[in-house]
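The structure appears below as structure tokens.
The values are calculated or read from the model by the stated rules, or taken from the named source; none is laboratory data. Here the structure is a predicted model, which is why all the values come from computation and not from measurement. Methodologically, a virtual Cβ is constructed for each residue, glycine included, from the backbone with ideal geometry; neighbour enumeration extends over all protein chains shown. Surface accessibility is based on the protein's heavy atoms, side chains included, excluding ligands, DNA and RNA. Shrake-Rupley method; radii C 1.70, N 1.55, O 1.52, S 1.80 Å.
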Amino acid sequence: MNTYEHSVALDISRCTGCTTCLKHCPTEAIRIRDGHAHIISDRCIDCGICIRNCPSNAKKATYSKLDAVMKYKWKVALPAPTLYGQFEELEDIDYVLQGLLDIGFDDVVEVAQAAELVSAYTRLYLKNEGITKPVISSACPVVMRLISLRYPTLREHIMQLLPPMEIAAKMAREKTKREHPELSDEDICICFISPCPAKVSYIKNGFGDYKSEVDEVVSISDIYFNLLNVMRRGKVPVPFSRAGMIGISWATSGGESSAIFNDKYLAADGIENVNRVLDQLENGNISSLEFIELNACPGGCVGGVMALENPFIAKARLQTLRRYLPVSQTYLQGDEREYIPESYFFEEMPTYRPIQRLSENFAESLRMMADIQKLRSELPGIDCGACGAPNCRAFAEDIVRGKAKRDGCVVEKSRMMDEQLQTKEQNDHDSP
Ligand code: SF4
Ligand code: SF4
């Protein structure tokens with residue numbers, strides 16, 4: 001039984017069944033049935049591409065509203081570095097952090113600060129013998145889910161370090177408990193301010209054996225106007241940002257890789273490119289690399305569907321902001337330079353949940369595969385989408401799985417009707 005909780009959902013009342021999302025979904029997770037889209041839960045990786053492409057705004061990301069967060073006694077904001085790229089002519093990150101306090105958060109822990117720690121520990125991690133290289137970053141939850149659905153042999157390449165959001169959440173909780181021992185767990189809300197719906201799914205479902213420390217996720221696009229209102233008042237902020245160039249760079253593709261201080265890396269963004277790299281790695285065609293950074297969104301996290309600003313503009317703003325920052329504001333001390341703390345690891349790799357498995361029985365799977373291939377060769381092969389599946393192969397698979405009927409194909413239906421007509425004419429002709 002599928003128990004995965006998704007963060008991308010459909011508003012049926014808005015869906016016109018236009019098939020746009022069908023053509024864009026990278027995992028063939030959408031079908032059009034009864035005049036509107038359906039998402040096949042087992043296949044969806046919460047990439048948000050259908051949200052970006054739906055002309056009717058019928059696909060939406062689910063996340064918490066700020067009002068729900070404000071009901072907690074103690075709220076800690078974890079701003080993703082992408083948030084800083086949303087504001088025009090922002091000279092100082094502290095204005096954003098002050099804004100978060102002014103709209104009601106009690107404290108702020110920057111994900112950029114945690115990202116600098118993860119970068120420092122990644123450099124240590126890569127020195128370990130016995131790890132499978134190239135190491136694939138674990139930061140993008142869409143990529144992690146894609147690997148767990150499609151690329152079983154690549155799971156051992158995943159870096160077992162927790163992503164920056166999770167490290168920031170741990171730091172936030174520890175700090176709150178240290179400074180406010182009077183607060184109970186129920187009083188505290190660790191709230192990630194996210195550019196991406198996949199982070200919501202990650203928090204709901206955990207990661208391998210790991211349960212997230214984040215309590216709520218709000219979207220950057222939701223919080224932006226609240227922040228803008230208070231930032232316009234021009235209140236001079238207390239300086240407390242701990243983000244350096246490295247931390248801010250995580251918002252854009254290539255930023256995480258550049259912080260490993262080693263040029264044997266590859267950084268790819270956009271789901272099609274991610275698939276190309278993973279295919280090539282699976283086929284053994286990528287050698288002599290130490291590290292692979294993959295971001296499902298175009299341009300990296302700045303391209304997330306829950307961000308507001310054009311990703312190219314956000315990237316340019318972050319470049320300007322970075323110019324006045326030190327390379328890093330977080331340095332490892334003492335033993336930290338030798339060992340990665342145990343609490344920074346997750347133990348179990350995400351489970352392999354193959355989307356292409358046709359049956360639990362191997363012989364049955366092979367038979368179904370052969371049936372799909374035969375059927376596919378008989379279908380028109382024009383991938384028109386009129387049947388409600390993204391292409392003729394997916395339609396053939398739906399038929400073999402018992403989820404669709406052959407006459408759902410308009411071309412096939414017309415051919416069948418022609419055949420029936422010809423048979424009838426022949427019978428009429430033959431009868432005395
Ligand atoms: S893009 Fe998909 S969800 Fe949006 S209206 Fe068309 S069929 Fe419906
Ligand atoms: S979120 Fe991505 S995987 Fe899921 S239905 Fe939309 S496009 Fe497909």
**OP:** Work out the P(r) tail for the range 1-62: percent of alpha carbon pairs separated by more than 18 Å, whole number.
**Re:** 24 percent
Original post:
For LYS403, which aspartates and glutamates qualify as cross-link partners when the Cα separation must be under 19 Å and same-chain residues fewer than eight apart are set aside?
Top reply: GLU28, ASP34, ASP42, GLU360, GLU364, ASP371, GLU378, ASP383, GLU412
Original post:
How compact and how long is the range 361-432, expressed as Rg and Dmax of its alpha-carbon atoms in Å?
Top reply: 15.5, 54
Original post:
In straight Cα distance, which lysines are under 19 Å from LYS133, not counting same-chain residues fewer than 8 positions off?
Top reply: LYS264
Subject >> Point-to-point label distance, ASP279-MET369, nm (Cα→Cβ direction, 7 Å offset) >> reply: 1.8 nm
**OP:** State the answer as a single residue: which of SER288, PRO298, ILE188 lies farthest towards the positive end of the charge dipole of the range 181-335, with beta carbon charges of +1 for Lys and Arg and -1 for Asp and Glu, about the Cα centre.
**Re:** PRO298
Original post:
So what are the radius of gyration and Dmax for the Cα set of the range 1-117, in Å?
Top reply: 18.6, 52
**OP:** Report the paramagnetic label zone for ALA316: residues of the range 57-97 whose backbone N is under 19 Å from a point 7 Å from Cα along the Cα-to-Cβ axis.
**Re:** 82-92
Subject >> Most fluctuating residue given options GLY255, GLY99, GLY234, as computed from a GNM of the chain linking Cα atoms under 10 Å >> reply: GLY234
Subject >> Accessible-area composition of the chain, carbon plus sulfur, in percent [1.4 Å probe] >> reply: 49 percent
Subject >> Relative contact order %, the chain, counting alpha carbon pairs below 8 Å whose residues are six or more apart >> reply: 21 percent
Subject >> Charge dipole of the range 1-62 about the Cα centre (unit charges at C-beta), most positive-ward option of CYS44, ILE12, PRO55 >> reply: PRO55
Subject >> Cleavage-rule hits, trypsin sites (Lys or Arg not before Pro), the range 79-156, DSSP coil, Cβ neighbours within 10 Å at most 11 >> reply: LYS127
Original post:
In percent, how large is the relative contact order of the range 113-263, given Cα pairs closer than 8 Å and 6 or more residues apart?
Top reply: 30 percent
Original post:
How big is the convex hull of the Cα atoms of the range 80-166, per residue, in Å³?
Top reply: 128 Å³
**OP:** Calculate the length of the line joining the C-alpha centroid of the range 245-289 to that of the range 173-230, in whole Å.
**Re:** 27 Å
**OP:** Counting other Cβ atoms within 10 Å, keep those with at most 13, restrict to DSSP loop, and tell me which GluC sites (Glu not before Pro) in the range 33-129 are left.
**Re:** GLU88, GLU89, GLU91, GLU129
Subject >> Extended-chain gain in nm, criterion 0.36 nm per residue less alpha-carbon gap, LYS211 and ASP11 >> reply: 69.1 nm
**OP:** Only helical DSSP H runs with n ≥ 4 go in: add -39500 (n - 2.57) per run for the chain, normalise by residue count and round the 222 nm mean residue ellipticity to 500 deg cm²/dmol.
**Re:** -11500 deg cm²/dmol
**OP:** Along each of the three principal axes of the Cα atoms of the chain, give the extent in whole Å, ordering the values from largest to smallest.
**Re:** 100, 51, 41
Subject >> Too-long pairs where the Cα-Cα distance tops 23 Å, listed order kept, from LYS23/LYS211; LYS235/LYS315; LYS65/LYS204; LYS59/LYS204 >> reply: LYS23/LYS211; LYS235/LYS315
**OP:** Along Cα→Cβ, 7 Å out, is where each label goes; now give me the distance between the ones at ARG406 and ARG323 in nm to one decimal.
**Re:** 6.7 nm
Original post:
With charges set only on the Cβ (+1 for Lys and Arg, -1 for Asp and Glu), what does the dipole of the chain come to about its Cα centre, in debye to the nearest 20?
Top reply: 580 debye
Subject >> Estimated inter-spin distance, CYS18 and THR62, nm [label 7 Å along Cα→Cβ] >> reply: 2.5 nm
Original post:
For the chain, what is the accessible area per residue in Å², given a 1.4 Å probe and the full set of protein chains?
Top reply: 48 Å²
Original post:
What does the accessible area of SER41 come to, in Å² to the nearest 10, when a probe of 1.4 Å is used?
Top reply: 40 Å²
Original post:
Given 0.36 nm per residue, what is the gain on full extension from ASN128 to GLU348 after removing their alpha carbon distance, in nm?
Top reply: 77.4 nm
Original post:
Within the range 263-326, which chymotrypsin sites (Phe, Trp or Tyr not before Pro) sit in a loop by DSSP and count at most 10 neighbouring Cβ atoms inside 10 Å?
Top reply: TYR324
Original post:
Which whole-Hz ³J(HN,Hα) couplings does the range 187-198 yield from phi under the Karplus relation 6.51 cos²θ - 1.76 cosθ + 1.60, θ = phi - 60°, glycine and proline marked x?
Top reply: 7, 9, 10, 9, 10, 7, 9, 10, x, 8, x, 5
**OP:** Using R₀ = 60 Å, calculate the FRET efficiency as 1/(1 + (r/R₀)^6) where r is the Cβ-Cβ separation of TYR331 and ARG357; round to 0.05.
**Re:** 0.80
